[in-house]
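Below is one structure. I have some questions about it.
Rule-based calculations on the coordinates, nothing more; no lab input. Worth saying up front: this structure is predicted, and the values here are computed from it rather than measured. In this analysis, Cβ positions are derived from the backbone assuming ideal geometry, glycine residues included, and neighbour counts consider all displayed protein chains.
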Amino acid sequence: MRTRTAGFRAATAVLLLGSTGCALLSGSGQETRELAGYEVVHEMSGDDLDELPVPTTVSEASWVWEGPRHGALLEILPVPTGAVLHLDDGAVGLDTATGKEAWSYRLLESEADVAVSPDGSLVAVGTGGSLALLDSGTGVVLRVVEHGSTGEDPLSVGGAGLVTDDGLVTAEADDAGVAVSFTPWEGESEWRDGDLRCPEVTGTPRVEDGFLTPSGVVVVHSCGGSDLRMTSLDTATGQEQWNLVRGEDFDDAAEHPEELEEERFAAVGDVAVLQNMALLRGTVVVDTVHGDVLADALPAGLEDTVLRVLPHGYLAVSSERLEHGGWEDRFEVRDFTGTVRDTVVTDENGAGNTVSGQLPLKDSLLKPRWSEEEKNLEIAVFDWDAEGPERTITLPVEIDLSGIDSIWRVEEALGPGTFQEVPGAVLVREHARGESVPRVAGLT
């Protein structure tokens, strides 16, 4: 299981607004330079990509992208023009209509952090105390930030901070509490909020987590070992929007199939889910606009369980044993009150493994399942509330999940960020034993 460390470290950002980080700003070609002591290889096609809609369903595998040998693809990030692929040493901007690279920015031999701003227009690539900010569509380097931190927190792009559309948010704890700061890319809208105070407790305050939402930034901190406190701040002004305390405003009393090293929140639209089961999967959901707890006991049983939290509800599966001894599975999209909005009913042969990997689209549910004929996973496409048979898509990339006994690790291999809907396509990352070339299949 990948280690998930807590918190994001404080950083004082020094913005080099006059620096582009690369002299090649238009047209196509390749530029090589250095950043933080690493050789940078920066390529741009010069193509102008259009913004694309997210597909409502898919019917075929249209293309395969192949990355650099001995590289690793860590995550697929949606942007308005397609997708950004987070490699272990940088990022690639992908035209999802064709599978061709629009740009790439790699820091050779590095371990690079990559993040996309909330509106998807900016891509941050950072390592070794430096951060390059790129246009997500063209790959043009807009500015370089020399922040000096070498923190490795994955939520802080190498210690620089959380990347918003307009600047960087950082946080640090001292004896009095937690101070949160915002440094803009340009202008004078900087703010610092030192009012995240702890009640009268002993011990040192600690920043545990932080994530961006469409309406602000949420900082999760603890006070001397007490229950976690979540505070939402307006990213424009730093003003507090709401505050929740674990153990007072919500609890996580459900029993889960495996014990996680750490439980972290993740934003999904205007809600946040406590990932106490797997990626984007958990029993506690918070409205990040108003600070309301929408649910703190989503189903997590053997015969009725949440599979993925969505912006306006959640995907769940309930199972029922039939008279002949088989099982019937009902995949349902429910709102947070439990009301069912969409349904797919299938038997155990049609569903395959029901606990991981499902991807709900507007018009259909995508379900990976084993194909004995192909000796590989295939994608079954079930239309919502339809009585006809499912469609099947043969995958041109290998997905080998054998030997993985952790739900969290299965979802990391084939789940959010690796089996991902993006503008223009649904992308499936290859997960092959011993393979040293990253590949992605585009379903359209």
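Could you work out [θ]222 nm for the chain from helices alone, using -39500 (n - 2.57) per DSSP H run of at least four and dividing by all its residues? Round to the nearest 500 deg cm²/dmol.
On the way: 2 runs with 11 residues, N = 444.
Only helices count here, giving -500 deg cm²/dmol.
Now a separate question. Give me PHE265, PHE331 ranked fewest to most by other Cβ atoms within 10 Å of their Cβ, as a rough exposure proxy. Numbers along the way, then the final one.
Working: PHE265 25, PHE331 22.
Listed from fewest to most nearby Cβ atoms, that is PHE331, PHE265.
Rounded, prolate or oblate for the stretch 205-245? Axes are the square roots of the Cα gyration tensor eigenvalues, ordered a ≥ b ≥ c, and the cut-off for rounded is a/c under 1.5. Don't skip to the end; give the middle numbers.
Values: a/c = 2.44, a/b = 2.12, b/c = 1.15.
Cα axes put the stretch 205-245 in the prolate bin.
Please give every one of the lysines within straight-line cross-link reach of LYS375, meaning a C-alpha to C-alpha distance under 22 Å, and leave out same-chain neighbours fewer than 8 residues apart.
LYS367
Here's a follow-up. Taking the Cα centre as origin and putting +1 on Lys and Arg beta-carbons and -1 on Asp and Glu beta-carbons, what dipole magnitude results for the chain, to the nearest 20 debye?
Details: 29 positive and 81 negative charges, 136 e Å.
About 660 debye.
Once amide H atoms are placed 1.01 Å from N in the peptide plane, what residues at a sequence separation of 5 or more from GLN239, or on another chain, have their amide H within under 5 Å of its amide H?
The answer is ASP234.
Per residue of the stretch 160-176, in order, report the coupling 6.51 cos²θ - 1.76 cosθ + 1.60 (Karplus, θ = phi - 60°) as ³J(HN,Hα) in whole Hz, putting x for Gly and Pro.
Values per residue, Gly and Pro as x: 6, x, 7, 8, 9, 5, 10, x, 10, 10, 10, 8, 8, 10, 9, 5, 8 Hz.
Please compute the modelled spin-label separation between ARG33 and GLU435, points set 7 Å along Cα→Cβ, answer in nm with one decimal.
3.5 nm
What shape does the stretch 51-120 take by its C-alpha gyration tensor, where a ≥ b ≥ c are the square roots of the eigenvalues and a/c under 1.5 counts as rounded, a/b above b/c as prolate, and the rest as oblate? Each step should come with its number before you reach the end.
Numbers: a/c = 2.32, a/b = 1.47, b/c = 1.57.
Oblate, because a/c is 1.5 or more while a/b does not exceed b/c.
Also: Determine, for each peptide in 73-86, 95-108, 360-373, the mean count of other beta carbons within 10 angstrom over its residues, then list the peptides with the highest first.
Numbers: 73-86: 23.3, 95-108: 21.7, 360-373: 17.2.
Taking the mean over residues of other Cβ atoms within 10 Å, the ranking is 73-86, 95-108, 360-373.
Go through the stretch 301-313 residue by residue and turn each phi into a ³J(HN,Hα) via Karplus (6.51, -1.76, 1.60, θ = phi - 60°); whole Hz please, and just put x for glycine and proline.
Per residue, the Karplus-derived 3J(HN,Hα) values read x, 6, 9, 7, 8, 6, 10, 7, 8, 10, x, 10, x Hz.
Check which residues have an amide H placed less than 5 Å from LEU122's amide H, if you skip close sequence neighbours.
SER117, SER136
Skipping prolines and chain starts, which residues have an amide H placed within reach, meaning under 5 Å, of the one on TRP384, given they are 5 or more residues away or on another chain?
Amide H to amide H, under 5 Å and 5 or more residues apart or across chains, TRP384 pairs with SER364, LEU365.
Can you compute the modelled spin-label distance between LEU108 and THR204, with each label point 7 Å from Cα toward Cβ, in nm?
Taking the two extended label points, one gets 4.1 nm.
Once you have the Cα-Cα distance between GLU51 and LYS362, take 0.36 nm times their residue separation minus that, and quote the gain in nm to one decimal. List each step's numbers first, then the result.
Working: separation 311, 0.36 × 311 = 111.96 nm, distance 1.87 nm.
Net length gain for the segment: 110.1 nm.
Residue by residue through the stretch 331-344, which ³J(HN,Hα) values in whole Hz follow from phi under the Karplus form 6.51 cos²θ - 1.76 cosθ + 1.60 (θ = phi - 60°), with glycine and proline marked x?
After applying 6.51 cos²θ - 1.76 cosθ + 1.60, I find 8, 10, 8, 10, 7, 6, 8, x, 5, 7, 9, 9, 9, 10 Hz.
Within the stretch 259-296, what residues put their amide N at less than 16 Å from the label point 7 Å along the Cα-to-Cβ vector of ASP405?
From the stretch 259-296, the list is 259-260.
Quick one: grab the alpha carbon gyration tensor of the chain, order the square roots of its eigenvalues as a ≥ b ≥ c, and give me rounded if a/c is under 1.5, else prolate or oblate depending on whether a/b is larger than b/c.
Values: a/c = 1.97, a/b = 1.17, b/c = 1.69.
The shape class here is oblate.
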